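Just below is one structure, and these are the notes that go with it.
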Amino acid sequence: MASAAFTPGGRTHHAFTLANLCAQPLPAVLVTIIVGIGIDRWRPVAAPYGWLLSCGLLAIWATLFALNWRFGRVACLCCASIAAGAAWHHARWNLFADDEIGLCATDQPQSVCVEAIALESPRRVLAGMNDPLSAVPHGDRTRLLVDTTTIRDGGHWREISGRALMTIDGHLLGVHAGDRLRAVAQLASPSSPQNPGEFDFACHRRADRQLCRLWVDGPAAVTVVEHAERWSASAIIDWLRQRGQQMFDELLPQRAAPLAAALILGSREQLDAEQADGFFRTGMVHLLSISGLHVGLLALGSLCFLRLGLLRRTTTLVGCAALTIAYALLVHAEPPAVRATILVVLTCTALIAGRSINGYNALAAAGIVVLAINPADLFRAGPQLSFLCALALVWFAQLPQPIETDRLFDELAPSVFDQIRVWLRRVGRGIALSLLLSLCIWCISLPLVAYQFHIVSPIALLLTPLLAPLIGCALFSGFGLLLVGWLLPPVGAVLALLCGASLVATQVAIEFASRMPLAYRWVVGPSGAWVLGFYAIVLASLVVPMRRGRTTTFAIAVSAWCAIGLLATSAQPRDDALRTTFLSVGHGLAVVLELPDGRTWLYDAGCLTAPERCANTIACFLWSRGIGRIDTVMISHADVDHFNALPELTTRVPIGRVLVSEPMLQSARDRAQQIMYAALEDAGIPIATVKADTDVGPVDAAYRLHVLQPPDAPLPGSDNSHSIVLSVEYRGRRILLTGDLESPGLERLLASPPSDYDAILAPHHGSANRSNHPGLADWSKPEWVVLSGAAGKDSSAAESAYLKRGAVTLHTGRTGAVTVIVGSSGQIEVYSFLDQADDHKMLPSAERERSPSASFEPR
């Protein structure tokens, strides 16, 4: 990819030839390493065999290199890279020491006493404002990454190893990087997805070789056993981060300090959730992570400062490279920062040596370094987007530039007005190029963003060039504040003023843009296979020389592939079956009904904890099923853990209507219900009431949706007695949804003629109080019973009542989402998400390097 092929339009394109591949092999090496990593993730390869194969192929490559056989050495190098990539990924992903603490962790928390080394200073996570929709609000927390060393095993201490993320309720003070800590904590495995479409936190932590998590009740349970060495590298880096955070808190406005810490130091924990959400929805979330933009601006600023004539050219370039490396270490060497740092170092090295640098080759070198640090970063959205944007920048830099006519224009038009016209033309050209670059980056990242995050943000096309001056000013002044603010306080005050003003203006622009119509849109997103196909076409367009006719061919291929993706995502899934999915949302309820005619109903939408999490669970499940609309939402009753996700859900998924009971509509007096009804009114969603003994589905449908409760007349007791009870019938099969039904509404239901149900929802999350599970089991005679609740709640009494009558019980807190499928011929199938995931598991479980038992007896 070194020689240039010229297209009719004048564009320079690097041709893919064997000679160029031998001269510039890094792109091919990177691609083959990626292939090897993918092979090992799909089908694990034993690491020793991979290393032996790689070494053998490299020896053959060296022999062929001496013989000058180009094709043979290229083939050997590619095969060796595949074997090395597979072996390195297997070692990082599957092999752990036999004393790894994560191998002791289970899904159920267990009390432990551990000693560990703090790898960073504690990060405080603000709880935010009290939310009326959250039934169980939590206070501030502290996060701390530690490297475990020993664990209490009975009457003695046993050595262990492994990293873990420690979460402490409250503020942990007096701890610094390198300190040796002792903590009494709850040890558990990271959270695995409980529902289709959910983010896999366990996989994310495993990529960082963290197989467990530690929860601590409060700071009092953590003590410092030994302080760190004062002049260690980790202590110095940690002190610099803390000092920078302190300067931002002292010198910047209260509103700008958290954003400055996120933008410059990568500390996003203190950002308000609403602020972070605004950046995400407008497509500007990359500003909150340390990316190539930050490192590039730092390098540019350092070059401008160092080239004032005080230092020689070589010293300036060396200082620029050293400064970017130091900054990458300061922000924990995140993959985007490492990528940009490698590019800066290679560029400075090339300038010192007087050599030119190939953009694709340099980018491939950065990719190899990133994967060498952690091969699992290949499967993370952040590094993927970072390299995609860098690839777009390299491609954009090779486009033919406009013909320079300003100099000729200056000679012909020396007047002041003509000079102003020339200046305006240059400004207009710069704006046009920035808009074109923004469009290029937005288009290349759109498929991946839609696939990973299910959002499309057209407003980012305008915000990116508009915010570029503000972000540049904030970064330059922020970097200057960190470097010289402590030494020259007057200069620091000026820099703080510039940084604070720029950040406040950025936040105002983000808040305004996020409220604009059509600023963003939640989408179902394309399939993974379609995304891979799209980027394969893009990669082919970069590799294959663009001769006459091929440009049109690639344009047609991209257009056709995009049309296929749009058609695939717009088609609603329909298989003439009734699919009922009880989502796992903790202590709460959300049941998705996919009806045979293609309509989608949602029965309840809430949980006790953060409503945004429940809304995200529902939306991600719908998107994973290719569903982009909810026709009807039915809220069973007025408890907050059954409806608090609805306001957020209205912003993510179009909803046709909402059905509630008359008692719930008349009792909308508390703040949570008022927020819900206001959100429905803002979204233009109509609300209707239902009552007992009525059908709420289409009259001519092959299925029946029949309401059994509540009656017209109000019942005594709590809101639970007025829960809407819905009977779903299809092909002779029946499913009963009960909400939180309890006395006296439950007695009224049991007084009606008994019916046989194939599957029922246990009332009140399986609680034994006032739910009369034995009576409901006798009345409904179910074969399957689903309990929607948290894993830690005791539901043994309810499960025992149904088991005695021959029913199979499934608890969503332990089995994940439960799906009941009634086929077109009346056959019924019931399965849980976690059991299905285990049966079709693609990822191997964590293995040890040796086989000794990794257990302990805590005391």
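The values are calculated or read from the model by the stated rules, or taken from the named source; none is laboratory data. In this text, all values refer to a predicted model and were calculated from it rather than measured experimentally. FYI the Cβ positions are ideal-geometry reconstructions off the backbone, even for glycines, and counts take in every protein chain you see. To get the accessible areas, we keep the full protein, side chains included, count just its heavy atoms, and leave off ligands, DNA and RNA. Shrake-Rupley method; radii C 1.70, N 1.55, O 1.52, S 1.80 Å.
Among the residues making up the range 129-139, those that are farther than 19 Å from Ala220 by Cβ and open to solvent by 30 Å² or more (accessible area, probe 1.4 Å) are Met129, Asn130, Asp131, Pro132, Ala135, Val136, Pro137. If the condition is being within 28 Å of the chain's Cα centre (by Cα) and charged (D, E, K, R), then the range 317-373 contributes Glu334, Arg339. Across the range 289-335, the qualifying residues are those that are within 15 Å of Ala362 (Cβ to Cβ) and of a type outside the set (A, V, I, L, M, F, W, C), and the one among them that is modelled with the highest pLDDT is Thr324.
The residues of the range 430-458 that are open to solvent by less than 50 Å² (accessible area, probe 1.4 Å) and not aliphatic (A, V, I, L, M), listed by number, are Gly430, Ser434, Ser438, Cys440, Ser445, Pro447, His454, Ser457.
The criterion of at least 1 residues that are aromatic (Phe, Trp, Tyr) is met by the following strands (runs of 3 or more DSSP E) wholly inside the range 639-713: 703-709.
Considering the range 515-529 alone, what residues qualify as being in contact (Cβ under 8 Å) with a residue 24 or more places away in the chain, over 16 Å from the mean Cα position of the chain (by Cα) and open to solvent by 30 Å² or more (accessible area, probe 1.4 Å)?
Met516, Leu518, Tyr520, Arg521, Ser527
Among the residues of the range 530-558, those that are in a helix (DSSP H, G or I), aliphatic (A, V, I, L, M) and either at pLDDT below 85 or open to solvent by less than 40 Å² (accessible area, probe 1.4 Å) (or both) comprise Val531, Ile537, Val538, Leu539, Ala540, Leu542, Val543, Ala555, Ile556, Ala557, Val558. Does Leu448 meet the test of being under 26 Å from Gly565 (Cα atoms), in a helix (DSSP H, G or I), in contact with a helix residue (DSSP H, G or I) (Cβ under 7 Å, 6 or more places away or on another chain) and modelled with pLDDT under 85? Here the answer is no, as Leu448 does not meet what is asked.
Residues that are out of contact with any Asp or Glu (no Cβ under 6 Å at 6 or more places or on another chain), of a type in the set (A, V, I, L, M) and open to solvent by 50 Å² or more (accessible area, probe 1.4 Å) occur in the range 278-290; there is at least one. Would you mind telling me which numbered condition in (1) open to solvent by 60 Å² or more (accessible area, probe 1.4 Å); (2) among the polar types (S, T, N, Q); (3) touching a residue at least 12 places away in the same chain (Cβ under 8 Å) Thr316 fails? Of (1) open to solvent by 60 Å² or more (accessible area, probe 1.4 Å); (2) among the polar types (S, T, N, Q); (3) touching a residue at least 12 places away in the same chain (Cβ under 8 Å), only one is false for Thr316: (1). Just one of (1) open to solvent by 20 Å² or more (accessible area, probe 1.4 Å); (2) out of contact with any Pro (no Cβ under 6 Å at 6 or more places or on another chain); (3) not β-branched (Val, Ile, Thr) fails for Trp623. It is (1).
In the set (1) of a type outside the set (Phe, Trp, Tyr); (2) free of Cβ contacts under 8 Å to residues at least 60 places away in the same chain; (3) surrounded by 24 or more Cβ atoms within 10 Å (Cβ to Cβ); (4) under 21 Å from Leu810 (Cβ atoms), the condition left unmet by His765 is number (2).
Scanning the range 451-461 for residues that are in contact with a Leu (Cβ under 8 Å, 6 or more places away or on another chain) and assigned to a helix (DSSP H, G or I) yields a single hit, Leu461.
Conditions tested, residue by residue: (1) out of contact with any helix residue (DSSP H, G or I) (no Cβ under 7 Å at 6 or more places or on another chain); (2) closer than 16 Å to Leu119 by Cβ.
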{"position": "Ala164", "(1), (2)": "no, yes"}
{"position": "Gly174", "(1), (2)": "yes, no"}
{"position": "Ser192", "(1), (2)": "no, no"}
{"position": "Asp200", "(1), (2)": "yes, no"}
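Report yes if some residue within the range 22-40 is at pLDDT 85 or above, of a type in the set (Gly, Ala, Ser) and part of a helix (DSSP H, G or I); otherwise report no. Looking for residues that are at pLDDT 85 or above, of a type in the set (Gly, Ala, Ser) and part of a helix (DSSP H, G or I), one finds at least one in the range 22-40, hence yes.
Among the residues of the range 724-757, those identified as of a type in the set (Ser, Thr, Tyr) and within 22 Å of Pro698 (Cα to Cα) are Ser727, Tyr730, Thr738, Tyr757.
Any idea which residue in the range 97-128 is surrounded by the fewest Cβ atoms within 10 Å (Cβ to Cβ), counting only those that are among the hydrophobic types (A, V, I, L, M, F, W, C) and within 23 Å of the chain's Cα centre (by Cα)?
Ala127
Annotation for the range 710-733: no member residue is under 33 Å from the mean Cα position of the chain (by Cα) and either closer than 30 Å to Thr609 by Cα or open to solvent by 30 Å² or more (accessible area, probe 1.4 Å) (or both). Selection within the range 126-166: residues that are among the polar types (S, T, N, Q) and over 14 Å from Gly102 (Cα atoms). The member of this set that is modelled with the lowest pLDDT is Asn130.
Can you confirm whether Trp88 is farther than 30 Å from Val222 by Cα, at pLDDT 85 or above and either open to solvent by 70 Å² or more (accessible area, probe 1.4 Å) or outside any helix (DSSP H, G or I) (or both)? Here the answer is yes, as Trp88 does meet what is asked. None of Ala353, Ala273, Ala326 is out of contact with any strand residue (DSSP E or B) (no Cβ under 6 Å at 6 or more places or on another chain) and open to solvent by less than 60 Å² (accessible area, probe 1.4 Å) except Ala326. Listed by position, the helices (runs of 4 or more DSSP H) contained in the range 265-382 that have at least 1 residues being within 29 Å of Val523 (Cβ to Cβ) and among the small types (Gly, Ala, Ser) are 273-281, 292-306, 359-373.
Output yes when any residue across the range 783-794 is of a type outside the set (A, V, I, L, M, F, W, C), open to solvent by 10 Å² or more (accessible area, probe 1.4 Å) and at pLDDT 90 or above, and no when none is.
Yes, there is a match, as at least one residue in the range 783-794 is of a type outside the set (A, V, I, L, M, F, W, C), open to solvent by 10 Å² or more (accessible area, probe 1.4 Å) and at pLDDT 90 or above.
The set of residues in the range 591-620 that are within 21 Å of Leu741 (Cβ to Cβ) and assigned to a strand (DSSP E or B) comprises Val591, Val592, Leu593, Trp601, Leu602, Tyr603, Asp604, Ala605, Gly606, Cys607.
Let me confirm something: among Thr609, Thr651, Thr632, Thr689, which residue is modelled with pLDDT of 95 or more and surrounded by fewer than 24 Cβ atoms within 10 Å (Cβ to Cβ)? First the steps, then the outcome.
Values: Thr609 fails: modelled with pLDDT of 95 or more; Thr651 fails: modelled with pLDDT of 95 or more; Thr689 fails: modelled with pLDDT of 95 or more.
Every option except Thr632 fails the conditions.
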